[in-house]
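One structure is given below, encoded as structure tokens.
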Protein chains: 2
Amino acid sequence: MLKQHSFDQINPPARLLMGPGPINADPRVLRAMSSQLIGQYDPAMTDYMNQTMALYRQVFVTDNPWTMLVDGTSRAGIEAVLVSIIRPGDKVLVPIFGRFGHLLCEIARRCRAQVHTIEVPWGEVFDPQRIDDAIQSVQPRLLACVQGDTSTTMLQPLAEIGEICHRHDVLFYCDATASIAGNPLHTDAWHLDAVSAGLQKCLGGPSGSSPITLSEQFSAQVRARKHVEQGIRNAQHQDGDEEMVYSNYFDLGMIMDYWGPERLNHHTEATSMLFGARECARIIAQEGIDQCVARHQIHGEAMVKGLQAMGLALFGDLAHKMSNVTGVFIPQGIDGEQVRQLLLNDFGIEIGTSFGPLHGKIWRIGVMGYNARKDTVLTTLAALEAVLNHLGFVTTQGSAMQAAWDFYE
Amino acid sequence: MLKQHSFDQINPPARLLMGPGPINADPRVLRAMSSQLIGQYDPAMTDYMNQTMALYRQVFVTDNPWTMLVDGTSRAGIEAVLVSIIRPGDKVLVPIFGRFGHLLCEIARRCRAQVHTIEVPWGEVFDPQRIDDAIQSVQPRLLACVQGDTSTTMLQPLAEIGEICHRHDVLFYCDATASIAGNPLHTDAWHLDAVSAGLQKCLGGPSGSSPITLSEQFSAQVRARKHVEQGIRNAQHQDGDEEMVYSNYFDLGMIMDYWGPERLNHHTEATSMLFGARECARIIAQEGIDQCVARHQIHGEAMVKGLQAMGLALFGDLAHKMSNVTGVFIPQGIDGEQVRQLLLNDFGIEIGTSFGPLHGKIWRIGVMGYNARKDTVLTTLAALEAVLNHLGFVTTQGSAMQAAWDFYE
């Protein structure tokens, strides 16, 4: 027997989200998303799609024509890139420096790639020479690498690696979900062939849309595998020479036909998410992508200064830390989850726990997107310090917030 | 050289969307989506996830515990169901009565199924006996069938087919994207093993979230293929016995672990879309699913009465038409696209064109979701009649609207 449930309207508690993401959306993004819908072939809609492409070229710092959205979370963008390029048996090299490197491997394996990996301990990044050596030994078709892995807070330098891939004629894909707009990323200058992202980190929107960009070389190889759906094909349509990729939803050849001038019907574009994604990029374009990155660096550093002033030890190689996430060792004798609960329930502030080998050892504190601001940094430091003092980890109350405030001066 | 673009804020033109979908979202859904975000493991968030499951059980008329959202458009839900159940070489039978039957075939082929099809001409549906015969001859593991195919406006009766599948021990999956909440659908009573949907039709929301429900039998077979991601696995985690499915994003075994009590991290839930999907179902639960279907039937029939009073011929087997979409033959001597342009530009009303064999022959007029109302039907009929008269297809001006108005009396 079916039970009838009725629930109240959505009314989420007020939260300041200072974890590794998602973070609070910029209110302008939520307002854009509350706009009424239009048809998917309405000229106003296709204009918005074209504008979204232009705006994300600024975010990715690229001239790539194929810069568009995949309708799903950031993981959807990763899978769309990998499944569209990988042919069964292709060699893929993945440098793993955290959880999301493992994810790239797993998705590539599901595409039936032959996956080769190199690893560094969590908290470190790769020396470019090591990647060069691995490329020469493995001779992969594709190098797939995370830029900023929130699981470790590390930021892999990519500029030299792009140069290495270019020299060895290896395609280079980067998952920039957690790093983009908070750390420098130069798609064209760094020879990145494909980059994917998500809205819920430094872009300041909700999860659910994944901006991607593809180089000319990459998109040409994807197009060679293109197939037009039987229900909409006509005599003019020509398929690529290769076997269909494992996914229809993530077939970038089809998604290009939908975003391109032919406007071939594929999925029904997620209009509200597109409105949100466009607004995220529009806000960044207004600020300037370089200014946006600089803002993350300033507020991220203020958070670091405050945490250090509290006497907390920070995790990992600080010379290669993402600006927008900081790993903090949970002090001895302190219950990390109790701290998170007190922060959430009494201060309305969320900070992050951690995965895998770091579980129970560090908190992850994010300063990103709409929340990369002076007030959020000061408020979070004050609350964390109060909670730690309350639990017996004694600091000079107020010193952390003061150190950050001094840094801003 | 990167060109700098700046664009205005989102400000879509006012449109009354009376095509085959997407249609205007219920304003309550857009308001729910404009709520600020919360963390994905915030108790408030996991409560909203559980409530969303309960609410969609009412929409699908099922007791299935595994009733949840796939983060993507309706096509994402289709692919998640198919890729999670199909093993390479499995026999899948697809009865095709329009474009979306072809889509099910294509996705199943990409999952490396052995796909068998039966077809009827566009505008007809299948006699259950024919499906029974095909099942006995093909002996498939899965029958995959669309309920309402907007490309032809036809609604395939499913109750008897469910009984047939049950008798032959064949899994039965139904794509109810375009039909659900506008036409009867009884997941449990009809022995449906998996059903997928989308928000942008009768559910009254934007595209971008796909509610699905899985029977006990179906979910058990999916679980047998489960794998836990390496980056988050621990010694307690056990993988299924079978090879990993082709997709990580659409691996329903993983998505069940995320929505279930274990709350294993997978994608970052698309919070705004979840808020919207929950509100769509909440509104329907308030109205009652049967009342919602009845409302679609009343307003759909009013539209039919009006179109017929205008002297227009309707497409297909009217005894098996979806309540929420009507195919209308474009009268001889009338340019169908010119009519659509005048309706859009001068009246702000969008009606649909059509695909494949029906392209240029019929319009498709939708009455669904938030737009299944008396005022939208009357306004659309009046505008269409005015445009047709203007272009020389002479009717008694006002007769169509009057016929619908009379019907409502």
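The values are calculated or read from the model by the stated rules, or taken from the named source; none is laboratory data. Just so it is clear, the model here is predicted, and its values are computed rather than measured. Quick reminder, even Gly has a Cβ in these numbers, built from the backbone with ideal geometry, and neighbours come from all protein chains shown. Surface areas here come from the heavy atoms of the whole protein model, side chains and all, with no ligands, DNA or RNA. Shrake-Rupley method; radii C 1.70, N 1.55, O 1.52, S 1.80 Å.
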Long-range alpha-carbon pairs in region A:289-408, meaning those over 22 Å apart, account in percent for 27 percent
Ellipsoid semi-axes in whole angstrom, largest first, where each is sqrt(5λ) of the Cα gyration tensor of the protein assembly as shown:
45, 29, 27
Below 8 Å between Cα atoms, with a sequence gap of 6+, how large is the relative contact order for region A:27-285 in percent?
27 percent
Counting other chain Cβ atoms within 10 Å of each Cβ in B:46-59 and taking the mean gives 2
Can you compute the FRET efficiency between B:H166 and B:E287 using 1/(1 + (r/R0)^6), with r the Cβ-Cβ distance and R0 = 41 Å? Round to the nearest 0.05.
0.85
Among DSSP beta bridges lying fully in the protein assembly as shown, give the percent that are antiparallel, nearest 5.
50 percent
Considering only chain B, percent of DSSP beta bridges that pair antiparallel, nearest 5:
50 percent
Can you list the copy-to-copy distances for B:E124, using a point 7 angstrom from Cα toward Cβ, in nanometres, shortest first?
7.0
Looking at B:Y258, A:G77, B:G311, which one has the Cα that reaches farthest to the positive end of the dipole of the protein assembly as shown (charges on Cβ: Lys, Arg +1; Asp, Glu -1)?
B:G311
Calculate the all-directions average of the projected area of region B:27-285's alpha-carbon convex hull, and give it in nm².
13.1 nm²
Applied in sequence order to region B:110-125, the curve 6.51 cos²θ - 1.76 cosθ + 1.60 (Karplus, θ = phi - 60°) yields integer Hz couplings, x standing for Gly and Pro, of 5, 7, 6, 6, 8, 9, 10, 10, 10, 9, 10, x, 4, x, 10, 10
Let me check I've understood the local charge: for B:T46, count other residues with C-beta under 10 angstrom from its C-beta, Lys and Arg +1, Asp and Glu -1. What total comes out?
-2
Return the calculated 222 nm mean residue ellipticity for chain A, to the nearest 500 deg cm²/dmol, obtained by summing -39500 (n - 2.57) across DSSP H runs with n ≥ 4 and dividing by the residue count.
-12500 deg cm²/dmol
At a Förster distance of 60 Å, what's the computed FRET efficiency of B:Q332 paired with A:S137, Cβ-Cβ distance as r, to 0.05?
0.30
Tell me: how much accessible area in total is hidden between A and B, 1.4 Å probe, Å², nearest 100?
7900 Å²
Other chains' Cβ within 10 Å of B:276-287 residues: what's the mean?
2
Once the label point is set 7 Å along the Cα-to-beta-carbon vector, what list of distances in nm do you get between B:Q139 and its counterparts in the other copies?
4.6
Do any trypsin sites (Lys or Arg not before Pro) in region A:251-328 lie in a loop, going by DSSP, with at most 16 other beta-carbon atoms within 10 Å of their beta carbon, and if so which?
A:R263
Ratio Rg/Rh, restricted to region B:16-136 and using Cα atoms, in which Rh is the Kirkwood radius
1.05
Once Rh for region B:246-358 is found with the Kirkwood sum over Cα pairs, what is the Stokes-Einstein diffusion coefficient at 37 °C and 0.692 mPa s, in µm²/s?
177 µm²/s
With N set to the residue count of region A:90-158, report its C-alpha Rg divided by 2.2 N^0.38 Å to two decimal places.
1.02
Distance from the Cα centre of region B:238-307 to that of region B:309-333, in angstrom?
30 Å
Restricting region B:230-330 to GluC sites (Glu not before Pro) in coil, as DSSP defines it, with at most 13 other Cβ within 10 Å
B:E242, B:E243, B:E262
Give me the dipole magnitude in Debye, nearest 20, for chain B about the Cα centre, with unit charges on the beta carbon: positive for Lys and Arg, negative for Asp and Glu.
660 debye
